[in-house]
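So the structure is just underneath, and the comments pick up after that.
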Amino acid sequence: SQQGEEDPQALSIQEGENATMNCSYKTSINNLQWYRQNSGRGLVHLILIRSNEREKHSGRLRVTLDTSKKSSSLLITASRAADTASYFCATDSGNTPLVFGKGTRLSVIA
Amino acid sequence: NAGVMQNPRHLVRRRGQEARLRCSPMKGHSHVYWYRQLPEEGLKFMVYLQKENIIDESGMPKERFSAEFPKEGPSILRIQQVVRGDSAAYFCASSLNTEAFFGQGTRLTVV
C-alpha cells in the first residue's frame, strides 16, 4: 500500500524562488527520507530525518517532520533550473522496505 | 566504491519471452530491494532480499515474477512470459542500514 503521499503533484516556480513540497503518511515510522529523481534516471538520496527529529538542514534543503500530523515538508531555497526533477518522500518502520509516494514534479523556470 | 549497478539499462522483449534484470549492490551491502515505476508514477515496492533469503515479497505478483540474491553474484529479477503491462522501469536499491542507494534502473519494453 502507498504510505507517503506528496503534495502538490506538480509545482512550477521561477528560478530564485523557494519551493515547498509536502508529504503525508499513514502509519508510525522510524525515519522519513526525501529522494530526487531526474527524468529517466535513478533516485538520489537527499536527506533523512528520524522520527525523534523535528527539523534538519542540508545546504539549500530544509526538512521538517511533524509526527503528530504524520507529515513532512521539504523546502528548497533559492531554487535553480538544475533543481528541476521529481521529489519523493519515503518512509520506513524499522527493518522494512522503504515505501514511496507518487512524487512531486518540480519545474524551475530560468 | 562503485554504486549500485543495474544491467541492462534498456531491455526489449516480445510478449511471451523472459526478461532477466540484474542488480549488483554496493560493496558491503547485504540488503537489496526491487521497485517498479510506471510513467508519471512513484516507485512500487516489489521484493526485499538479503543474501540467499527473500525477506518480503509482498509487492511481487504471484505469477511469472521471481527474484533471487545468491551468495555469489548479482541479484536477479526474472519475469517469465512477459506481457505489455510489464513495461516499466525497474529499480534496484541496496542498503547497509537505513539509507538506500539506487541504481539507474532497467527500462523494460514489451512489444
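The numbers here are math on the coordinates, done by the rules we state, and not lab data. Keep in mind the model is a prediction, meaning the values are calculated, not measured. Counting neighbours? That spans all protein chains shown, and the Cβs are built from the backbone with ideal geometry, glycine included.
For peptide B:43-49, the mean count of partner chain Cβ atoms within 10 Å of a residue's Cβ comes to 4.
What is the Rg over Rh value, at two decimals, for region A:1-59, using alpha-carbon atoms and the Kirkwood definition of Rh? Ratio of gyration radius to Kirkwood radius for region A:1-59: 0.97. Remark on B:HIS31: its backbone amide H falls under 5 Å from those of B:SER95, a criterion applied only to residues 5 or more positions apart or on other chains, H modelled at 1.01 Å from N. Summarising the amide proton neighbourhood of B:SER87: residues at separation of 5 or more, or on other chains, whose placed amide H is nearer than 5 Å comprise B:VAL110. All Cα-Cα separations within region B:10-111 were binned at 10 Å from zero, giving a P(r) of 16, 51, 28, 4, each value a whole percent of the pairs. Pairs exceeding 21 Å between alpha-carbon atoms, taken from A:LYS26/B:LYS62; A:LYS26/A:LYS69; A:LYS102/B:LYS51; A:LYS70/A:LYS102; B:LYS27/B:LYS62; A:LYS102/B:LYS27: A:LYS26/B:LYS62; A:LYS102/B:LYS51; B:LYS27/B:LYS62; A:LYS102/B:LYS27. Per-residue shielding of A:36-42, expressed as the average number of other chain Cβ atoms within 10 Å of the residue Cβ, stands at 4.
To make sure I understand, if each residue's beta carbon is the centre and we count other beta carbons within 10 Å, what order do A:LEU46, B:LEU43 fall in, fewest to most?
On the way: A:LEU46 18, B:LEU43 28.
Going from least to most buried by this count: A:LEU46, B:LEU43.
Here the 3J(HN,Hα) profile of region A:80-86, calculated from phi with Karplus coefficients 6.51, -1.76 and 1.60 at θ = phi - 60°, is 10, 4, 5, 7, 4, 4, 9 Hz, Gly and Pro shown as x. For the protein assembly as shown, the spread of Cα positions along the three principal axes, ordered from largest to smallest, is 48, 36, 34 Å.
Find the percent of Cα-Cα distances in region B:1-65 that exceed 15 Å, and round it to a whole number. Kindly include the intermediate steps, with their values, before the conclusion.
Values: 1336 of 2080 pairs.
Beyond 15 Å sits 64 percent of the P(r) for region B:1-65.
Taken over region B:29-82, the percentage of Cα pairs per 10 Å bin, counting from 0 up to the bin with the maximum distance, is 25, 52, 22, 2. The HN-Hα couplings worked out from phi for region B:72-80 by the Karplus form 6.51 cos²θ - 1.76 cosθ + 1.60 (θ = phi - 60°) are 10, x, x, 7, 10, 10, 10, 10, 8 Hz, whole numbers, x standing for Gly and Pro.
Computed on the Cα trace of chain A, the radius of gyration divided by the Kirkwood hydrodynamic radius gives Rg/Rh = 0.95. Exposure proxy for B:LYS51, A:LYS70, B:LYS71: other Cβ atoms within 10 Å of each Cβ, ordered fewest to most, give B:LYS71, B:LYS51, A:LYS70.
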